[in-house]
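Comments concern the structure below.
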């Protein structure tokens, strides 16, 4: 077995003190543990203790004595037997930690373990993969339909005016679906970028709810009753009227899509008990949402069970856009629902007179020209 000469500490500086100083200067999400030949902890940085679930005051104790994860012990044993660095993942529900152990040729320090938290990175990678998969799926369906209809027309259907007209109408519908999805993707990207300005002003709730007027003909076409219920003492809302109107239209449009004929949709507004917030509710008597789907209902591209998917309607982005807009206003959005008993979407917004919320900065870039001043959208 090969041996290495011992590396001394700098004169006047003990190894633990040097390692403790090093661990304190590691960037966030990274930690360090130093061990002697008996797996006794010489130094464990605060970040390392948190990531490895080691108790406070573990310095001076062996890893086994403080309940260290068996997977960590295996990594350390592997690095000593191999006399080389060994890296492994320690995955638990909701967290992924990468540990890298390597031997140290020092008279007191036998091995060191570098720890880093890759939970957020892996989650972002998963989100990116899901995004690409979802976009590909949403585009593949209409493109396939258009290709098949074009091939049918080329093979002779053009000589049948009625059939050709139906095919052209269907192609136009599919093109409209793709166009809507692209526009909503650009909208969501702009919102998440963090630089698009919100123009805060005091907005009457009556004026805000008037944004759904354009959807009334669609509701009448489907024999749906739409009712407005505004409490008399409801204060004005502090927000961007155009963006908040977009949120309400998205919610009411969803209610129209998933409510059977002769159903009811109620758009209500009332002040919260604290007087600083206004609650908006969009309720329907539609098909409802399954309990297992509720936690994901505001995710981009998320569509619940097939009963809530209508051909040619929606891309699964409307509720994601609504969530980002509401949270950029310092508000919140939630949903209550039971299958076959309708759904109620609840939006809470700051009342006028409160200071305009300033969301935290976002890391994303924006394609907006930045001509308007205001409070930026942010990614939650």
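The values are calculated or read from the model by the stated rules, or taken from the named source; none is laboratory data. It should be emphasised that the depicted structure is a prediction, and the values quoted were computed from it without experimental measurement. Cβ placement follows ideal geometry from the backbone for every residue including glycine, while neighbour counts extend to all protein chains displayed.
Tell me, yes or no, whether segment 226-236 has at least one residue that is without any contact (Cβ under 8 Å) to a residue 24 or more places away in the chain and loosely packed, with under 13 Cβ neighbours inside 10 Å.
Within segment 226-236 (the criterion being without any contact (Cβ under 8 Å) to a residue 24 or more places away in the chain and loosely packed, with under 13 Cβ neighbours inside 10 Å), the answer is yes, since at least one residue qualifies.
I want to confirm something. Restricting to segment 292-329 and keeping residues that are in a loop (DSSP other than H, G, I, E, B) and at pLDDT 85 or above, which single residue is farthest from residue 141 (Cα to Cα)?
That would be 329.
Tell me which of these residue 108 doesn't satisfy, since it passes every other one: (1) without any contact (Cβ under 8 Å) to a residue 24 or more places away in the chain; (2) within 30 Å of residue 72 (Cα to Cα); (3) not in a strand (DSSP E or B).
Answer for residue 108: the failing condition is (1).
Would you confirm whether or not segment 261-276 contains a residue that is surrounded by fewer than 14 Cβ atoms within 10 Å (Cβ to Cβ) and either without any contact (Cβ under 8 Å) to a residue 24 or more places away in the chain or not assigned by TED's automatic domain parsing to the domain that holds residue 350 (or both)?
Yes, segment 261-276 has at least one match.
Could you please let me know if residue 215 is within 22 Å of residue 324 (Cβ to Cβ), within 28 Å of the chain's Cα centre (by Cα) and in contact (Cβ under 8 Å) with a residue 24 or more places away in the chain?
So residue 215 does not fit the description; no.
Which of the residues belonging to segment 137-172 are surrounded by 16 or more Cβ atoms within 10 Å (Cβ to Cβ) and in contact (Cβ under 8 Å) with a residue 40 or more places away in the chain?
The one that is surrounded by 16 or more Cβ atoms within 10 Å (Cβ to Cβ) and in contact (Cβ under 8 Å) with a residue 40 or more places away in the chain: 138.
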